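The values are calculated or read from the model by the stated rules, or taken from the named source; none is laboratory data. From a predicted model like this one, the values you see are computed outputs, not experimental measurements. Here the Cβ positions follow ideal geometry from the backbone for every residue, glycine too, while neighbour counts run over all protein chains shown. Side chains included, ligands, DNA and RNA excluded: accessible areas come from the protein's heavy atoms. Shrake-Rupley method; radii C 1.70, N 1.55, O 1.52, S 1.80 Å.
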Amino acid sequence: MAGADGATEGPPDATYAALEGPRFVTAPEPARQSVLSHSKSHPRMLESNATSHVWPLGALAELLDNAQDQECGATRVDVDAFEFEPGKMALSVQDDGVGMARSNLHCMLSFGFSSKEHVVGNVGRFGIGFKSGSMRIAHDALILSRREGQASAALLSTTFLNAIEADDILIPMFTWTTETAGGAGKHTYVASEPSNTAEWEENMSVIEQYTYLASEAAVLRELDKITTPTGTRIVLFNLKDPPEFDFSVKNDVRMLGIDPDEQNRTSARRPVYQQHRPGQQMTLDVPEDYSLRAYMEVLYLRPTVTFSLRGELIEPRCPISRLALEYYKFEDYTPKDLPEERRAPVIVHCGYQEEKSKHCGFHIYNKNRLIRMYQRFGAQLQANAMMKDMLGVVEADCLEPTHNKQAFNTTDVAYQKCQKHLEKCMNDYYFGVQNLRLAGIGAGGKRRIGAPQGGTRKKGKSAGKDGKGTKGKGKGKKNGSDGDSDDDDAWVAKRAKSAAGGKNKLDLRTFFPRVLRKLMSHKNSWAFNEPVDAEYWGVLDYYEIIKTPMDFGTIATKLDAGEYRTEGSAHGPQKFVADVRQVFYNAWTYNTPGHQVYEFAQEVGRIFETELAKAVGDEDVWNLKAGNVLAMCGPAPAKEKPAGALAAGDGDAAAKPEPGAAAFAVDSEAIKAMVETRAAQAIGEANAARDEALAKLHDERAAREVFEAELEAQMAESLRAAREEEKSRYAKLESEKDTLLSALSDSSEMKRMYQERVKALEAEVKALKEKVGEGQVVS
């Protein structure tokens, strides 16, 4: 405030003006930026940045991504390997895109410059892909690019930077103006930048010393390998040691194995190279892990360019097209609360391969680029047989890949939502397909559901209510299946009827699927529908006791594969019946009477034998009723009479056998022999197991006693040696003590003598001083 005399209190006006101004820091003027310090990047940054790539083929894919992106404008990308010096190989990636100007090339060789983030169709966003990928594979990378009227070349070399002990990343770079000479497509080059001749020569000397190109003319010849008017060529040379690639296959680049003889491996050995994936067997051979050709075939879900490797075109393998059996596409799912630029649906495809394969899991793509291969979820990670042959493809453009584009940010909420959605789709698909299989089991040896047309469809539509199948041409035909079987089974029954001369004789090939479906749909057959998961149920000794495991699911698979189908022979039917009965024998062998599973096996076994007896009749041409398990199943539960039943004639009715009772009659001697055989077998196996366990226990006990005796002897010897050593050490210390005491005593006596001598000398000196002071002459 101003006082009466006009003086000003407080800070001056300039300070008030600054306080009343805008409350933000303005950027320095361009002319003032020259006084600011420059943040340098040490060459070690290139090596540390490259460590994000553990898998070399994933690092090489970074260069393919740049050519695939729409900014490149390429239609063809060629990957090649050549020998630039005897015994030294180099990799090259060349495209026919629009090329790069000098400024674009400089940005590509710098860190963090990227214009691709959230661009449709582009997976890159961090601006480090080329540096991390190229430096992971090789020590040096030569980049040559030509566009309309201009060509540029640059060298990113850790060999050069380490040789000069640079503390910043220095890049030799050249630019020429180009013209097309005549109609032959040849180019003429005129040096443009650096404009200073000394700088040009200094940069060129680096190229000549640290590359395989000995002169500027050699650099221009390398540029002319770009045969199209525009394009980019990247050469990676001085590959990392120890060698990681095998160039012996002419049309491929493969990973080297740990052992030199890995190429002669068998299926029981580990593959050449395998990436770690949770739940995957170590012996599973995944060609995409070690073959660049196999990896490039599935790298892009829908490739926009044509790729070739070492002169041979890459034939893309769409992972969706291999889901030929029971293919299903789920409705799109979009996680909520996503930013606008990431809002994209998640599309899930599920199915099975036609050929038998041990692969399972999902290929997950982000913006057309493969991020994860054979990723397992849910039950596929558990120790059971569920979903172990299910394959799928996930298009997840809303997720965020990691820097190396080989995984996703699992802490992202969107990823967790997508994982939960995918596991739900897996359960819906698996159990829905199981219902469809039960409704149409045995259909021509294949379990096929047609691919959805015109969008997605709900699961299970091909099966009618209660799994009785869709209505078709076979409706109303008397084929012995009561309308349960599909058209294939009806056709088989029709052929059997014709072969029998018009007599409607039941064909066992239609009976087996029907009776198996009845067994599997029983309320108490859940314990027999799939292989026993010993770890899940806590029966870790199950497969030690049960030497021939069997279940209804395995029987259904074998039935679909036609393993029980034999023309005019009893081998197939007898094998089917033996496998079904084996399920019950296993349950009775492992479990004790009164156990729930033991009783379930009795109940389901009784149903099977009853249905089998009805089907084969009294003739039993193939002798299928022999060895039935009715004796093990026990008596059937008595049925209660309905209220109000007439009392008259009850005795006669009870005495009168039910229709078909002869079919259930069994030979008591056969039953007795079967029971004794089974019991003796079980007792023999139990005794053998007991004897083996006792022998093993006895051997272990003897070995333990020997070990304990040896250990006790060793301990006694060690204690004796330690005691002797302590005694010797004690005696030595006593001797040293006596020596020290004696020396101390001698030194004390000497000290006393010296003290007395010093006193005498001091007295003589004092007497002499007194005489001198008195003037007496000392003679």
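What the table shows:
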quantity	calculated
Cleavage-rule hits, GluC sites (Glu not before Pro), region 319-408, DSSP coil, Cβ neighbours within 10 Å at most 14	Glu331, Glu354, Glu355
Loop-located trypsin sites (Lys or Arg not before Pro) in region 321-425, at most 14 other Cβ atoms within 10 Å (DSSP)	Lys336, Arg343, Lys356, Lys358
Area of Ser321 that stays accessible when all protein chains are in place (1.4 Å probe, Å², to 10)	90
Gln353 versus Tyr543: modelled label distance in nm, points set 7 Å from Cα along the beta carbon direction	2.2
Extension gain (nm, one decimal) between Glu341 and Lys696, 0.36 nm per residue minus Cα-Cα	121.1 nm
Estimated distance in nm for a label pair at Ser521 and Thr197, the labels positioned 7 Å out from Cα along Cα-to-Cβ	9.5
Carbon + sulfur, % of accessible area of region 318-394 - ligands and nucleic acids excluded, 1.4 Å	50
Rounded to 5, the percent of DSSP beta bridges in region 354-440 classed as antiparallel	50
Filtered GluC sites (Glu not before Pro), region 529-607: DSSP coil and at most 13 other beta carbons within 10 Å	Glu567
Pairs beyond 26 Å (Cα-Cα), from Lys225/Lys250; Lys329/Lys518; Lys367/Lys424	Lys329/Lys518
Cα gyration tensor category, rounded, prolate or oblate, for region 301-438 with a/c compared to 1.5	oblate
Sorted peptide list for 144-150, 690-696, criterion being average Cβ within 10 angstrom, highest first	144-150, 690-696
Residues with amide H under 5 Å from that of Asp246, placed H, sequence gap 5 or more	Arg254, Met255, Leu256
Contour minus Cα-Cα distance for Ala686 and Thr334 (0.36 nm per residue)	120.9 nm
Whole-Hz ³J(HN,Hα) from phi, Karplus 6.51 cos²θ - 1.76 cosθ + 1.60, for region 315-320, glycine and proline x	9, x, 10, 6, x, 6
Amide H partners (placed H, <5 Å) of Arg76, local residues excluded	Asp96, Thr306
Lysine pair number, Cα distance threshold 19 Å (strictly under), region 682-776, separation 8 or more or different chains	4
Theoretical FRET efficiency, 1/(1+(r/R0)^6), r = Cβ-Cβ of Phe431 and Glu148, R0 51 Å, to 0.05	0.30
Estimated inter-spin distance, Arg302 and Arg76, nm [label 7 Å along Cα→Cβ]	2.4
